Amino acid sequence: MSEFNPLNLSGKNFIITGAASGIGKATAVLLSKLNADLVLLDINKKGLEETLTLCKKTDLALTVNLADNQALNKTIKEATEIKGKFDGFAHIAGIPSIAPLKMVDNQLCEKIMEINTFPAIELAKTLSNKRFCKEDGASFVLISSVYANVGSAANVAYSMSKSAIQDITKSLAIELAPKNIRVNCIAPGFIKTKMGENISHFFNPEHDKIIEELHPLGLGEATDIANGIAFLLSDAAKWITGSIINIDGGFCAK
């Protein structure tokens, strides 16, 4: 008798955005190990190629600017012609923003939203269409942040983009339930990724220690979020939709 694994994703086909690095890369590697068939999307071609070396040879990497809806939809159509219809997606791509209120304007907000937020809507709109979605339904996973749940100085634009993701999740969950499409969201705490390293210079030397102390279980690894994404994409989560799941080392419990 074969070993039972409720997280086995054999025969399932997913799109992963932001797969060139960080959480997206960790998710791609994990899902590939769980036997999912993957289409990996990112604007970073070199990073995508590096991720692909860690995945199955049958997985596909496509370079695309997620802020360009026309290019994104063309890429999804191309991917469907190659891989067939999809069982869902995880929108993991995102960019940070550290800016005091006096520096926040419409241009900054739009720049953040066009990567962190708007592609979630476009992906859901396209992949809920029967031309791209398998007949028995799908699972969509979006990525928010603890900063959608708690306040933080100089985080107006970023928090806005991630708060929107949580309400998008709930609305899509209701609208797409008749199609047997589940929509859920993960709100990560601080994860050890290059994105975090790239913004650390904005703060004083004590900042990293302060941030770590906010997490009772310490800072997280990209694989901690990847595990949650894999669960939500799997049939083990078949009765979960419209949920915001904090994976934050206890950050929001304090």
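Across all directions, the average flat footprint of the convex hull enclosing the Cα atoms of the stretch 119-254 is 8.8 nm². In this Cβ point-charge picture (+1 for Lys and Arg, -1 for Asp and Glu), the stretch 1-113 has a dipole of about 80 debye about its Cα centre. Rounded to the nearest 500, the 222 nm mean residue ellipticity of the chain from helices alone is -12500 deg cm²/dmol, with -39,500 (n - 2.57) taken per DSSP H run of at least 4 residues. Length available on full extension from His207 to Ala71: 0.36 nm per residue minus the Cα-Cα distance, which gives 45.1 nm.
Over the C-alpha trace of the stretch 62-127, radius of gyration and Dmax come out as 14.3, 48 angstrom. With the simple model of a label 7 Å out from the Cα in the direction of the Cβ, Met113 to Ala236 spans 3.7 nm. Note on Phe190: accessible area approximately 50 square angstrom, rounded to 10, probe 1.4 Å, nucleic acids and ligands left out. Taking a straight line from the alpha carbon of Lys57, these lysines sit under 27 Å away, with near neighbours fewer than eight places off in the same chain left out: Lys12, Lys25, Lys33, Lys45, Lys46, Lys74, Lys77, Lys83, Lys85, Lys134, Lys194.
Tell me, what is the FRET efficiency for Ala177 and Leu7 to the nearest 0.05, using R0 = 25 angstrom and their Cβ-Cβ distance as r? Provide the component values of the computation, followed by the final result.
Numbers: r = 23 Å, r/R0 = 0.91.
Using R0 = 25 Å, I get an efficiency of 0.65.
Between Leu54 and Glu135, the modelled labels are 3.7 nm apart [label points 7 Å from Cα along Cα→Cβ].
Electrostatic tally near Leu176: other residues with Cβ closer than 13 Å to its Cβ, Lys and Arg +1, Asp and Glu -1, net +4.
Taking the alpha carbon gyration tensor of the chain, what are the square roots of 5 times its eigenvalues, largest first, to the nearest whole Å?
Whole-Å semi-axes of the equivalent ellipsoid: 28, 20, 18.
Take the chain with all the other protein chains still there, run a 1.4 Å probe, and you get 51 Å² of accessible area per residue.
Rounded to the nearest whole Hz, the Karplus-based 3J(HN,Hα) values (6.51 cos²θ - 1.76 cosθ + 1.60, θ = phi - 60°) of the stretch 8-23 follow the sequence 5, 10, 4, x, 9, 10, 10, 9, 10, 8, x, 7, 7, 6, x, 4, with x at glycine and proline.
Principal axis analysis of the Cα atoms in the stretch 101-140 yields extents of 49, 15, 8 Å, listed in decreasing size. The HN-Hα couplings worked out from phi for the stretch 155-163 by the Karplus form 6.51 cos²θ - 1.76 cosθ + 1.60 (θ = phi - 60°) are 10, 4, 5, 5, 4, 4, 5, 7, 5 Hz, whole numbers, x standing for Gly and Pro. Go ahead and set up a Gaussian network model of the chain, Cα springs under 10 Å, then flag whichever of Ile112, Ile191, Ile211 fluctuates most. Ranking Ile112, Ile191, Ile211 by mean-square fluctuation puts Ile211 first. Under 5 Å from the amide H of Val183 lie the amide H atoms of Phe140, Gly242, each residue being 5 or more positions distant or on a separate chain, with H modelled from the backbone and absent for Pro and chain starts.
Kirkwood Rh and Cα-based Rg: tell me the resulting Rg over Rh for the stretch 24-92, rounded to two decimals.
On the way: Rg = 11.4 Å, Rh = 12.3 Å.
The Rg/Rh ratio comes out at 0.93.
Restricting the calculation to alpha carbons of the stretch 125-178 gives Rg and Dmax of 14.3, 45 angstrom.
Phi-derived couplings, Karplus 6.51 cos²θ - 1.76 cosθ + 1.60 at θ = phi - 60°, listed residue by residue for the stretch 231-240: 4, 5, 7, 7, 5, 5, 10, 5, 10, 10 Hz, with x used for Gly and Pro.
The values are calculated or read from the model by the stated rules, or taken from the named source; none is laboratory data. All values derive from a computational prediction rather than experimental measurement. Note: ideal-geometry Cβ built from the backbone for every residue, glycine included; neighbour counts use all protein chains shown. Surface accessibility is based on the protein's heavy atoms, side chains included, excluding ligands, DNA and RNA. Shrake-Rupley method; radii C 1.70, N 1.55, O 1.52, S 1.80 Å.
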